[in-house]
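Data block below; observations after.
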Ligand code: NDP
């Protein structure tokens, strides 16, 4: 088995909403996708099935008039992908070689060789690492502590209550602003006296009467009871050292996300945080035949439904590519599997040997 090479046309890495939606589409297109996922590992924080596996009620995934539990939703995704013939493999990919097609993915066992690669490895929310933050039953995670206001803000536990948001970036401003729809008051606790957020997001937050800032302050502990959830946070002023137990009904940690892209560093174009750059209207990366979907390429929306949407796009992009049709690249050019480039203005085709030919359709007989 060790020296075996598994050959595929489509390999998907990641089994959250993006990866599994890509699998459903690729499998239905008879592309026999192989979906690879990392084994569950508490230390490395890998969660097969993605972030929904650590969520309780999902109320905003369309198609479920009543809430559905995150793990149950992912089980449905998985069974749907299986039904059309997706093959699953749980293993660590230790290294990739994307220098030419077929791309090579190395594991401790077989090598996987694929004509197209769909990366859906997601992103992980960063946590403070303080007492009380861990998931229930070890802390209040899921019982008043969250890293997603859109997911959890509308829950009854936060209605007309005081809420703490931790962080000073765009996410913190966005989450705080969103939470003012439900909360009595939102306190943004930031470790410095200046925000990292963009000016427009800062201005919106500063002008919102329901948002108050607590500067130069660290959240050091989250407390409460199992029945009532979060009831207080311990705050420490980083300049004066002063400590206080601050009453609140919820804590939204918004200190950034880490996209799971270490494996692809040096191969794929990424932004400064590590999100993979994709084309404007497709999921293509800078390497023809490599596509990225879901949170691994999205610092802005980060929803299950947007991840699923881009998962669908990536399967269709891979399908087009394997059908030798042009796919739009981040540069605005389109490329085909043979290495032909259609210029961004669509006026010319550059062949792999460097010839330029016009891209105008030839007129049909009888046309002017
Ligand atoms: P950022 O990295 O921009 O900000 C993280 C914030 O959390 C910083 O203020 C940082 O403090 C603070 N922080 C980090 N670690 C800790 C810690 N251990 N304890 C306390 N505070 C901590 O992350 P964001 O998620 O806000 O944004 C990521 C990217 O996504 C950005 O490029 C952003 O512009 C983009 N984005 C865009 C949105 C939009 O356009 N609608 C919405 C959301 C995000 P410090 O400032 O001191 O470093």
Across the range 262-279, the tally of residues that are part of a loop (DSSP other than H, G, I, E, B) and either within 16 Å of the ligand (Cβ to nearest atom) or surrounded by 16 or more Cβ atoms within 10 Å (Cβ to Cβ) (or both) stands at 11
Among 36, 93, the single one that is under 20 Å from residue 294 (Cα atoms) and in contact with a helix residue (DSSP H, G or I) (Cβ under 8 Å, 6 or more places away or on another chain) is 93
For the range 189-216, pairs from a residue that is within 18 Å of residue 128 (Cα to Cα) and at pLDDT 95 or above to a residue that is within 7 Å of the ligand (Cβ to nearest atom) and part of a strand (DSSP E or B), with Cβ under 8 Å and 6 or more apart or across chains, are 189/166; 189/218; 190/166; 191/218
Within the range 62-74, the count of residues that are under 23 Å from residue 11 (Cα atoms) and loosely packed, with under 14 Cβ neighbours inside 10 Å comes to 0
- Query: Just wondering, is there one or more residues in the range 327-337 that are free of Cβ contacts under 8 Å to residues at least 40 places away in the same chain, closer than 30 Å to residue 76 by Cβ and not in a loop (DSSP other than H, G, I, E, B)?
  - Reply: no
Item to check | Test: residue 302 is modelled with pLDDT under 95 and more than 30 Å from residue 359 (Cα to Cα) | outcome: yes
| message | I'd like to know if the range 102-123 contains one or more residues that are out of contact with any strand residue (DSSP E or B) (no Cβ under 7 Å at 6 or more places or on another chain), over 22 Å from residue 274 (Cα atoms) and at pLDDT 95 or above. | response | no
For the range 285-296 the number of residues that are in contact with a helix residue (DSSP H, G or I) (Cβ under 6 Å, 6 or more places away or on another chain) and in a strand (DSSP E or B) is 1
Note on residue 86: of the conditions (1) crowded, with 24+ Cβ neighbours inside 10 Å; (2) within 21 Å of the chain's Cα centre (by Cα); (3) at pLDDT 95 or above, unmet is (2)
By residue number, the members of the range 181-206 that are within 11 Å of the ligand (Cβ to nearest atom), surrounded by 13 or more Cβ atoms within 10 Å (Cβ to Cβ) and in a loop (DSSP other than H, G, I, E, B) are 190, 191, 195, 196, 197
So, first residue more than 11 Å from residue 128 (Cα to Cα) and free of Cβ contacts under 8 Å to residues at least 60 places away in the same chain in the range 244-256, second residue within 16 Å of the ligand (Cβ to nearest atom) and in a strand (DSSP E or B), Cβ within less than 9 Å, six or more apart or across chains; the pairs are 244/234; 244/235; 244/236; 244/237; 245/221; 245/233; 245/234; 245/235
Among strands (runs of 3 or more DSSP E) entirely within the range 92-168, at least 1 residues that are within 15 Å of the ligand (Cβ to nearest atom) occur in 123-125, 162-166
- Task: Considering every residue within the range 109-125, establish whether at least one is under 21 Å from residue 188 (Cα atoms) and surrounded by 14 or more Cβ atoms within 10 Å (Cβ to Cβ).
- Result: yes
Within the range 299-324, restricting to residues that are in contact with a strand residue (DSSP E or B) (Cβ under 9 Å, 6 or more places away or on another chain) and without any contact (Cβ under 8 Å) to a residue 40 or more places away in the chain, the one that is nearest to residue 175 (Cα to Cα) is 313
Wholly inside the range 207-261, strands (runs of 3 or more DSSP E) that include 2 or more residues that are surrounded by 14 or more Cβ atoms within 10 Å (Cβ to Cβ) and within 11 Å of the ligand (Cβ to nearest atom) are 217-225, 257-259
Of those in the range 151-172 that are touching a helix residue (DSSP H, G or I) at 6+ places or on another chain (Cβ under 6 Å) and at pLDDT 95 or above, the residue surrounded by the fewest Cβ atoms within 10 Å (Cβ to Cβ) is 163
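The values are calculated or read from the model by the stated rules, or taken from the named source; none is laboratory data. Fair warning: this is a prediction, and the values are worked out from it, not measured in the lab. In this analysis, Cβ positions are derived from the backbone assuming ideal geometry, glycine residues included, and neighbour counts consider all displayed protein chains.
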